[in-house]
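Everything below concerns the one structure shown next.
The values are calculated or read from the model by the stated rules, or taken from the named source; none is laboratory data. Just so it is clear, the model here is predicted, and its values are computed rather than measured. Backbone-built Cβ (ideal geometry, glycine too); neighbour counts: all protein chains shown. The area values use the complete protein model at the heavy-atom level, side chains included, leaving out ligands, DNA and RNA. Shrake-Rupley method; radii C 1.70, N 1.55, O 1.52, S 1.80 Å.
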Amino acid sequence: MNLAYDDLGTGRPVLLVHGHPFDRSMWRPQARHLTERGHRVVVPDLRGYGESPAQGAKTGLDVFAADLVALADHLGLDRFVLGGLSMGGQIAMQLVADHPGRVEALVLADTFAGLDTPEAKQARIDTAARITEEGMERYAEELLPKMISKQTRATRPDVEAHVRTMMRNAPKEGAAAALRGRAERPDYTPALSGIDVPTLVVVGSEDEFTPVGEAELIHREIRTSTLVVIDGAGHLPNLERETEFDEALSTFLTNSGATR
C-alpha cells in the first residue's frame, strides 16, 4: 500500500493516525504545534481515506497497522511516538500488539478498547452497505452533531466546516471497507495491562461516541498512563479545543522523555 502522507519537521518522530471518516488534515493543528517544538511529525492518510487508495471490500485494523509499520520502515523510523484518535486509537492498540518494540510512547484519544454490541456490529455492516450505495453526504450530516459538542457548533464554525468537509469527501469505498473490518476487530481490553510504555489517554468531556468512562477504563488498565479530560469538547478535542489538547500533548511528551 502506497500511503499518502506528510513528513514534517525534524527531531523525535511522532506518527499520528486519524479516525473514521477523516483524513490526515484532522491533525493539522498538532502537526504545526509539534514541529515548532522540535518533533518530526508523520501524518498519513489511512488506506481508503484521503489521498490513499482503497483496496478490497474489507480492511481489518491489522492491515491498517501493518501499513503504518511499513510506512515507518520506509521513513527509517525504528521507534516512534504513536497517537491515534477513535478508530485511529484502535489501530494504535492493534499496532502495539502486533509490532512490539516499535512504539516508545502512546497517545489514545477518544477511543475504546472493547467490542461492539451485536447491534452496533450489525450497524457498521449495514452502514457500509448504505454508504456504498448512496455515498457519504447524508451519513456525514447525521454524524456531525455527534462528532463535535453543541458548544463547538455554536462557537467554532471553522471546526464544524472542516469536520463536515472531511466526512463528505471521504471515499465511500474506503470508509465502507474500514467499517466492515472494524466490525470484526478483536477485544483490546485484555492486552491493555501489558502496555508498558508511557501513555496519554485523552477524551472530550462531551464525547457521545466514546464517553469519559471508556477513557477511564483504559487509564485504569494501563499502569503507565495519564488521563486528561478536555472540558467542553466532543469526539474531536484536538480540533475543538486545540490549545488544551496541544498543552496536554506537549506536557506528556516532555514528561515521558519523548522530548529531548
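Confirm whether LEU144 is at pLDDT 95 or above and assigned to a loop (DSSP other than H, G, I, E, B). No, not satisfied. Looking across region 80-101, just one residue is surrounded by fewer than 20 Cβ atoms within 10 Å (Cβ to Cβ) and in contact with a Lys or Arg (Cβ under 8 Å, 6 or more places away or on another chain), and that is GLY101. Out of contact with any Cys (no Cβ under 9 Å at 6 or more places or on another chain), open to solvent by 10 Å² or more (accessible area, probe 1.4 Å), closer than 20 Å to THR127 by Cα and touching a residue at least 40 places away in the same chain (Cβ under 8 Å): does that describe ALA70? Against the criterion (out of contact with any Cys (no Cβ under 9 Å at 6 or more places or on another chain), open to solvent by 10 Å² or more (accessible area, probe 1.4 Å), closer than 20 Å to THR127 by Cα and touching a residue at least 40 places away in the same chain (Cβ under 8 Å)), ALA70 does not qualify. Whenever a residue of region 117-145 is without any contact (Cβ under 8 Å) to a residue 24 or more places away in the chain, its partners that are open to solvent by 60 Å² or more (accessible area, probe 1.4 Å), lying with C-beta atoms within less than 6 angstrom and at least six residues away or across chains, give the pairs LEU144/ARG164.
Restricting attention to region 8-21, the residues being at pLDDT 95 or above and closer than 19 Å to ALA92 by Cβ number 9. Scanning region 153-204 for residues that are of a type in the set (Lys, Arg) and under 19 Å from ALA123 (Cα atoms) yields LYS172, ARG180, ARG182, ARG185. Checked against the criterion of being touching an Asp or Glu at 6+ places or on another chain (Cβ under 9 Å), part of a helix (DSSP H, G or I) and under 22 Å from VAL163 (Cβ atoms), the candidates ALA128, ALA123 yield just one match: ALA123.
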